[in-house]
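Asks: The following block contains the structure, expressed as structure tokens.
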Amino acid sequence: MSLSLKDKIALQKEASEIKKSLNSGELSIGDKIEKQKRWSFIIKRLNGRIDDNGNDITEAANQAATGDNDLPEPTDNQKQAGNYKKGDITLSGINFRIENPKGSTRSGKDKDGNKWSITMKHHYGDVKGSKGADDDPIDVFLGDTPDPEKVFIIDQVDLRGQFDEHKVMFGFDSMADAKKAYLANYEDGWAGLGDITAMPLEKFKKWVSGGKRTQPVGAISDTEATFLDEYQGGKFNDLKPDAFKGLILQADEEGLSLEENKAVVTAYILSNQKLFEVSASV
């Protein structure tokens, strides 16, 4: 739950008053303990360490079987199937499931059967209810900003440089921070970092819940090129290039797929034919 300025000021005032009462020497042991608990909660909330449901983010993340607890470490088969206990965290109204909390070891095998492992620098999991290019929920790394204005989405690539899947960087203050955090959670020389796109939080919520995501987010230029090729081939010969590009960007802003973009363009042409001149040169 995002804190408004009014809420922040109220919490800061309450924390200050609690601190004064703790230093007064007038409280009983029981009252001191309760006041201290409340003060600690407020500070965590102000510093972004409490999620929407009032849970300590670190403690919630470590409820995963890979976390700092007494649960047995999941087997390779369980990891592959995602069939093990995960930590639940809700931030900005988005439900995340943590597979590997910060400080845990993430391991597995690559496509050639080679084993790998790395100590996680950030909480890692997925966005509950989403569906990525690999048919699994979309992966996410969580930073320390619980209510970010923007979310950064990486179009991860394979060894051939082709789009593989998305990695969401949630809770990072800048694109540079997001890139640095992503690379910190992979071995040296990792070449999976593709395009990275900054997306406003509210648009991200629509994008991540909008069905299976198979297209790279950073491929708007590729999308434009595809449409322009079709335009030059006569498919949209009554649409000028500048207006055409604007429609593509508009559709992309609404989080539509390539096919949905085509539908938007076609519908616009049919309803606004008088606004466009037929191009004899195409």
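Asks: Among the residues of segment 210-231, are any at pLDDT 90 or above, within 16 Å of V140 (Cβ to Cβ) and of a type in the set (K, R)?
Replies: First pass over segment 210-231, keeping only residues at pLDDT 90 or above: none.
Looking for residues that are at pLDDT 90 or above, within 16 Å of V140 (Cβ to Cβ) and of a type in the set (K, R), one finds none in segment 210-231, hence no.
Asks: Within the set of pairs 6 or more residues apart or between chains, which connect a residue that is more than 28 Å from K203 (Cβ to Cβ) inside segment 74-102 to a residue that is of a type in the set (F, W, Y) and at pLDDT 90 or above with Cβ atoms less than 7 Å apart?
Replies: The qualifying pairs are P74/Y84; Q78/Y84.
Asks: Take the residues in segment 95-117 that are farther than 16 Å from P74 by Cβ and modelled with pLDDT of 95 or more, then tell me which one is surrounded by the most Cβ atoms within 10 Å (Cβ to Cβ).
Replies: F96
Asks: Could you pull out every one of the helices (runs of 4 or more DSSP H) wholly within segment 16-117 that has 2 or more residues that are in contact with a strand residue (DSSP E or B) (Cβ under 7 Å, 6 or more places away or on another chain) and among the aliphatic types (A, V, I, L, M)? Working first, answer last.
Replies: Numbers: elements: 29-46, 57-61, 76-81.
Fully inside segment 16-117 and qualifying: 57-61.
Asks: Now for a different question. Answer yes if at least one residue in segment 57-75 is modelled with pLDDT under 85 and either in contact with a helix residue (DSSP H, G or I) (Cβ under 6 Å, 6 or more places away or on another chain) or of a type in the set (S, T, N, Q) (or both), and no otherwise.
Replies: Within segment 57-75, none of the residues are modelled with pLDDT under 85 and either in contact with a helix residue (DSSP H, G or I) (Cβ under 6 Å, 6 or more places away or on another chain) or of a type in the set (S, T, N, Q) (or both).
The values are calculated or read from the model by the stated rules, or taken from the named source; none is laboratory data. As the structure is a computational prediction, the values presented were derived from the model and not from experiment. Please note: Cβ atoms are built from the backbone with ideal geometry, for glycine as well, and neighbour counts cover all protein chains shown.
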